[in-house]
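See structure below.
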Amino acid sequence: MSKKAELKVGDKSYDLPIIEGTENEQGIDIAKLRGESGLITLDPGFKNTGSTKSAITFLDGEKGILRYRGYAIEDLAENSTFIEVSYLLIYGELPTPEQLTKFENEIKFHTLVHEDIKTILEGFPSNSHPMGVLSSLVTSLTAFYPESLDPNRSADKVNLSIIRILAKMPTFAAWAYKNEVGHPVNYPDNNLNYCSNFLKMMFALPAEDYEVDPVIANALDKLLILHADHEQNCSTSTVRIVGSSQASLYASISAGINALWGPLHGGANSAVINMLENIQKDGGDTKKWMAKAKDKDDPFRLMGFGHRVYKNFDPRAKIIKKAADDVLQKLGVNDPILDIAKGLEEVALNDDYFVERKLYPNVDFYSGIIYRALGIPVDMFTVMFALGRLPGWIAQWKEMRENHEPIGRPRQIYTGQGERKYVSVNDR
Ligand code: SDX
């Protein structure tokens, strides 16, 4: 007998079906609520509202569990590669050796971008934030591949759009950086793997040879795996809702990039480093800044702390914190703000305000320290997040399209003026 919830409103009651997920999570299906009762639900920020059923990523915020297609994030971060994880998220299974080789080669074949993209890039002043450049260049793909505007094309044509953006995003990201520093762009080098090619496009200079440090390439690959998907977060929900209008994949991804940019979401990784540097400049008094974070009259928040879902440690933060120690040690980097970060974490984990609100370090708290050690500038950190999240956005967009989900259009409770008559300006 399927489970149901009974809603009593006045002298009426309504039976609402309860649906159960793979991991026994339960949801009340309110699809028929308004039709039967005239009622809607209200949940600003969708803190208690599921927008979809999805088979891609599972999170358990209480237990600090994160799995991509059933595989634990710890397992994938330790043993897989970003390209393999991208395949897993998008197509649902780990690839066979032949599938992986074909996927890698297809991506390599499409890394070059149309030369006119350089003309678009040159239109951006060199102080442009790279996230704005990135979302614009992604949108420009609709001009170079107008056939991509139709999301209802055959699966293999949609797949070509997927391969193209997976292949070109690293080129766009590196070119956004080169535009910002006023250096000439580098073209992709398909003799290198995904991360090495990106690092070379980012850091190679005409006047000197550039050798990719495998320690840096491996650390970057692990970071991209850790950012690859995270179920219905703000930017992924944006990608899904934009795609639900049958806007193209590239328009949906560009919207996701812009949603990620915000400091409460993907922009937090840059905000964490700026915060740690300010605390360092201010003498490193962590207790003073913790007091500011707890003061309701102070707009300061402890960036990189807290999460809508995780009310325990973000498993990604644990992995990144360990990787930060390893990478800085291997690179011989001694970054004093890592100690400040650890000091803040220590104080927060023993402070009632944070403990009561279950505020723990999230994925953004330590990631910037590694990016900094890798030589990546602060305002490129969120671009790195976007690079990592791309396969997740694609997988979620593809799932929404394949499930023929309806256009997203939430309801509201109106609280404005009641009906009133127009009065001409001369009579007001
Ligand atoms: C990401 O959703 C995802 O999965 C996102 C992400 C992904 O992979 O896609 O995991 C990536 O975006 C991680 C989060 C990065 N953002 C930050 O680090 C910014 C700092 N954190 C917060 O702003 C906040 O914690 C959020 C935005 C992450 C979550 O906000 P919620 O769920 O809306 O919680 P809230 O703002 O209602 O906070 C609950 C309480 C409040 O206090 P009270 O009103 O109950 O007294 O906790 C307090 C908040 O003031 N609080 C903080 C705090 N975060 C929450 N107080 C101080 N410092 C903080 N960082």
May I ask you to list pairs of residues, at least six apart or on different chains, whose Cβ atoms are under 6 Å apart, with the first in segment 31-44 being β-branched (Val, Ile, Thr) and the second being open to solvent by 70 Å² or more (accessible area, probe 1.4 Å)? Ile40/Arg34; Ile40/Arg411
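Conditions (1) at pLDDT below 95; (2) outside the structural domain of Trp393 (by TED's automatic domain parsing); (3) in a loop (DSSP other than H, G, I, E, B); (4) at positive phi, marked per residue:
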| position | (1), (2), (3), (4) |
| --- | --- |
| Pro95 | no, no, yes, no |
| Glu98 | no, no, no, no |
| Phe103 | no, no, no, no |
| Lys108 | no, no, no, no |
| Lys118 | no, no, no, no |
| Leu121 | no, no, no, no |
| Ser126 | yes, no, yes, no |
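Inspect all residues belonging to segment 200-208 and state whether any of them is more than 16 Å from the ligand (Cβ to nearest atom) and crowded, with 23+ Cβ neighbours inside 10 Å. Spell out how you get there, then give the answer.
First, pick out the residues of segment 200-208 that are more than 16 Å from the ligand (Cβ to nearest atom): 200-208.
Of the ones still in play, those that are also crowded, with 23+ Cβ neighbours inside 10 Å are 201-202.
The answer is yes; a qualifying residue exists.
Of the residues Leu88, Leu66, which single one is under 19 Å from Ile394 (Cβ atoms), crowded, with 16+ Cβ neighbours inside 10 Å, free of Cβ contacts under 8 Å to residues at least 40 places away in the same chain and under 18 Å from the mean Cα position of the chain (by Cα)?
On the way: Leu66 fails: free of Cβ contacts under 8 Å to residues at least 40 places away in the same chain.
None of the other options fit; the residue is Leu88.
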Please go through segment 105-121 and give me each residue that is touching a helix residue (DSSP H, G or I) at 6+ places or on another chain (Cβ under 8 Å) and open to solvent by 70 Å² or more (accessible area, probe 1.4 Å), ordered by number. Phe109, Leu112, His114, Asp116
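Among the residues of segment 356-374, is there at least one that is modelled with pLDDT of 95 or more, within 16 Å of the ligand (Cβ to nearest atom) and of a type outside the set (Val, Ile, Thr)?
Within segment 356-374, the first condition is being modelled with pLDDT of 95 or more, and the residues that meet it are none.
No, segment 356-374 has no match at all.
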Any residue in segment 214-222 that is surrounded by 19 or more Cβ atoms within 10 Å (Cβ to Cβ) and of a type in the set (Asp, Glu)? yes
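Quick grid of which residues meet (1) in contact with a strand residue (DSSP E or B) (Cβ under 6 Å, 6 or more places away or on another chain); (2) closer than 27 Å to Asp221 by Cβ; (3) open to solvent by 20 Å² or more (accessible area, probe 1.4 Å):
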residue: Lys287; (1), (2), (3): no, no, yes
residue: Lys294; (1), (2), (3): no, no, yes
residue: Phe300; (1), (2), (3): no, no, yes
residue: Met303; (1), (2), (3): no, yes, yes
residue: Phe313; (1), (2), (3): no, yes, yes
residue: Lys318; (1), (2), (3): no, yes, yes
residue: Gly332; (1), (2), (3): no, yes, yes
residue: Asp352; (1), (2), (3): no, no, yes
residue: Tyr366; (1), (2), (3): no, yes, no
When the residues of segment 334-344 are filtered to those that are assigned to a helix (DSSP H, G or I) and either open to solvent by less than 10 Å² (accessible area, probe 1.4 Å) or touching a residue at least 24 places away in the same chain (Cβ under 8 Å) (or both), which remaining residue is farthest from the ligand (Cβ to nearest atom)? Pro336
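Quick grid of which residues meet (1) more than 12 Å from the ligand (Cβ to nearest atom); (2) at pLDDT below 95; (3) hydrophobic (A, V, I, L, M, F, W, C):
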residue	(1), (2), (3)
Asn258	yes, no, no
Gly266	no, no, no
Pro299	no, yes, no
Leu302	no, yes, yes
Asn312	yes, yes, no
Lys318	yes, yes, no
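Matching residues to (1) in contact with a strand residue (DSSP E or B) (Cβ under 7 Å, 6 or more places away or on another chain); (2) within 21 Å of Leu260 (Cβ to Cβ); (3) among the charged types (D, E, K, R):
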position	(1), (2), (3)
Pro97	no, no, no
Leu112	no, no, no
Asp116	no, no, yes
Leu134	no, yes, no
Thr139	no, yes, no
Ala143	no, no, no
Asn152	no, no, no
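For segment 388-428, enumerate the residues that are in a helix (DSSP H, G or I) and over 30 Å from Ala167 (Cβ atoms).
Filtering segment 388-428 for residues in a helix (DSSP H, G or I) gives 388-402, 425-427.
If the condition is that a residue be in a helix (DSSP H, G or I) and over 30 Å from Ala167 (Cβ atoms), then Val425, Asn426, Asp427 are the ones that fit.
Checking the condition part of a helix (DSSP H, G or I) and near the ligand (Cβ under 10 Å from one of its atoms), which residue from Lys287, Lys292 passes?
On the way: Lys287 fails: near the ligand (Cβ under 10 Å from one of its atoms).
Every option except Lys292 fails the conditions.
Kindly provide the set of residues from segment 355-384 that are closer than 17 Å to Phe305 by Cβ and part of a helix (DSSP H, G or I), ordered by number. Break it down stepwise before answering.
Taking segment 355-384 first, the residues closer than 17 Å to Phe305 by Cβ are 355-369, 381.
Val355, Glu356, Val363, Asp364, Phe365, Tyr366, Ser367, Gly368, Ile369, Phe381 - these are the residues of segment 355-384 that are closer than 17 Å to Phe305 by Cβ and part of a helix (DSSP H, G or I).
The values are calculated or read from the model by the stated rules, or taken from the named source; none is laboratory data. Note that the structure is predicted; figures quoted are calculated from it, not measured. Here Cβ is always computed from backbone atoms with ideal geometry, including for glycine, and neighbour counts include all displayed protein chains. Surface areas here come from the heavy atoms of the whole protein model, side chains and all, with no ligands, DNA or RNA. Shrake-Rupley method; radii C 1.70, N 1.55, O 1.52, S 1.80 Å.
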